[in-house]
Amino acid sequence: GADVCVHHLVEAQAQKHPDSIALTSGNLHLSYRELNDRANALANHLLSLGAAPGKRVAICCKRSADLPIAALATLKSGACYVPVDPAYPDERIQAMLDDARALIVISQSDIQLPEHQATAVLIDQFDFTQEQLQTQPESPVSPADALYCIYTSGSTGKPKGVQLSHAGLANLLRWQLQHKRLSQPARTLQFASFSFDVSFQEIFGTWSAGGELIMIDEDQRQDLAALAELISREKVERL
């Protein structure tokens with residue numbers, strides 16, 4: 001129905017195909033059950049820090065499995081996520097965190113963040129195995145709530161944050177699921193920059209169809225020969 005949020009589409013796949021592979025990143029292969037458990041654990045931790053509909057969680061991580069897990073966890077908490085590229089200059093990161101009034105920033109221990117008010121959660125040090133956190137979070141999130149807030153390049157002045165609701169992406173994903181070719185659980189490369197809205201379509205389009213999301217790091221993304229080799233080795237079906 002129309003009262004669906006984006007993470008509900010992923011949770012439905014975790015119930016239907018718990019043992020199918022949802023995420024591959026290097027040597028890491030997570031099943032839908034493992035993905036859902038990890039995202040639940042992180043989401044419950046975010047809720048304990050005040051995450052809720054209307055609140056914003058910045059995600060400032062290098063390209064790895066951490067990125068889509070952090071995004072899914074943020075949606076499960078009801079909060080809206082703000083992608084922040086760790087390669088940006090400090091002033092820009094600081095300006096984005098301030099402008100978004102980020103409550104929490106999910107990052108990694110080898111990233112030096114500039115001064116900000118947000119509570120830092122280091123995802124590479126987070127213990128996903130805490131059983132008591134793996135239950136499905138209770139968040140009063142609705143399709144009208146914001147899913148992400150993405151900042152423009154700022155080429156014509158100050159970068160501005162643009163928000164999209166769950167309904168917007170959920171409608172697109174539901175349309176894809178009615179398409180014969182797009183509804184197949186394909187092995188899909190997560191290629192787009194996390195600061196570009198196509199990445200959310202790659203991530204959640206793959207997971208809502210029960211497909212396997214294949215992550216690459218920034219070096220592989222820039223090196224076409226290495227990328228071609230990875231696409232053939234991982235038998236990538238969709239790009």
- Task: Please identify the longest segment of the chain free of exposed GluC sites (Glu not before Pro), where exposed means a DSSP state other than H, G, I, E or B and no more than 13 other Cβ atoms within 10 Å.
- Result: 1-114
- Query: Between the stretch 84-115 and the stretch 12-64, how many Å separate their Cα centres?
  - Reply: 21
- Got a number for the accessible area of Thr24? Probe 1.4 Å, square angstrom, nearest 10. 0
- Note on the structure: Relative contact order in percent for the chain (Cα pairs under 8 Å, 6+ apart) equals 23
- Message: With a 1.4 Å probe and all protein chains left in place, how much accessible area per residue does the stretch 138-239 have, in Å²?
- Response: 53
- Note on the structure: Taking only the alpha-carbon positions of the chain as identical scatterers, the Debye log10 I(q)/I(0) at q = 0.08, 0.09, 0.17 Å⁻¹ comes out as -0.27, -0.35, -1.34
- Would you calculate, for the chain, the mean residue ellipticity at 222 nm contributed by helices, counting each DSSP H stretch of 4 or more residues as -39,500 (n - 2.57) and dividing by all residues, to the nearest 500? -11500 deg cm²/dmol
- Message: Counting only protein heavy atoms and a 1.4 Å probe, tell me what percentage of the chain's accessible area is made up of carbon and sulfur.
- Response: 50
- Computed ³J(HN,Hα) along the stretch 128-139: with the Karplus parameters 6.51/-1.76/1.60, θ = phi - 60°, integer Hz and x for glycine or proline, the list is 6, 8, 5, 3, 5, 8, 7, 6, 4, x, 9, 10
- Residues whose modelled amide H sits under 5 Å from the amide H of Ile106, counting only those 5 or more places away in sequence or on another chain, are Ala58, Ile59, Cys60, Val121
- trypsin sites (Lys or Arg not before Pro) in the stretch 147-239 lying in a DSSP loop, each with at most 16 other Cβ atoms within 10 Å of its Cβ, come to Lys160, Lys180, Arg181, Lys235
- Ranked from the most accessible area to the least, with a 1.4 Å probe and all protein chains present, what is the order of Phe196, Phe191, Phe204? Phe196, Phe191, Phe204
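First select every other residue whose beta carbon is under 13 angstrom from the beta carbon of Ala58; then total the charges, Lys and Arg +1, Asp and Glu -1. Mind dumping the intermediate values first?
On the way: positive: Lys55, Arg56, Arg92, Arg101; negative: Asp85, Asp98, Asp99.
Counting the neighbours of Ala58, the net charge comes to +1.
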- Message: Cut-off under 29 Å on the C-alpha distance; same-chain residues fewer than 8 positions from Lys160 excluded. Which lysines are left, in chain and number order?
- Response: Lys55, Lys62, Lys76
- Item | Neighbour net charge for Leu49 - beta-carbon separation under 13 angstrom, K R +1, D E -1 | +2
- Given H placed on each backbone N at 1.01 Å, which residues far from Tyr81 in sequence or on other chains put an amide H within less than 5 Å of it? Val57, Tyr148, Cys149
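The values are calculated or read from the model by the stated rules, or taken from the named source; none is laboratory data. Keep in mind that what you see is a predicted model, and the values were worked out from it rather than measured. All Cβ positions, even for glycine, are placed from backbone atoms using ideal geometry, and neighbour counts span all protein chains on display. Just the protein is used for accessible areas: all its heavy atoms, side chains included, with ligands, DNA and RNA removed. Shrake-Rupley method; radii C 1.70, N 1.55, O 1.52, S 1.80 Å.
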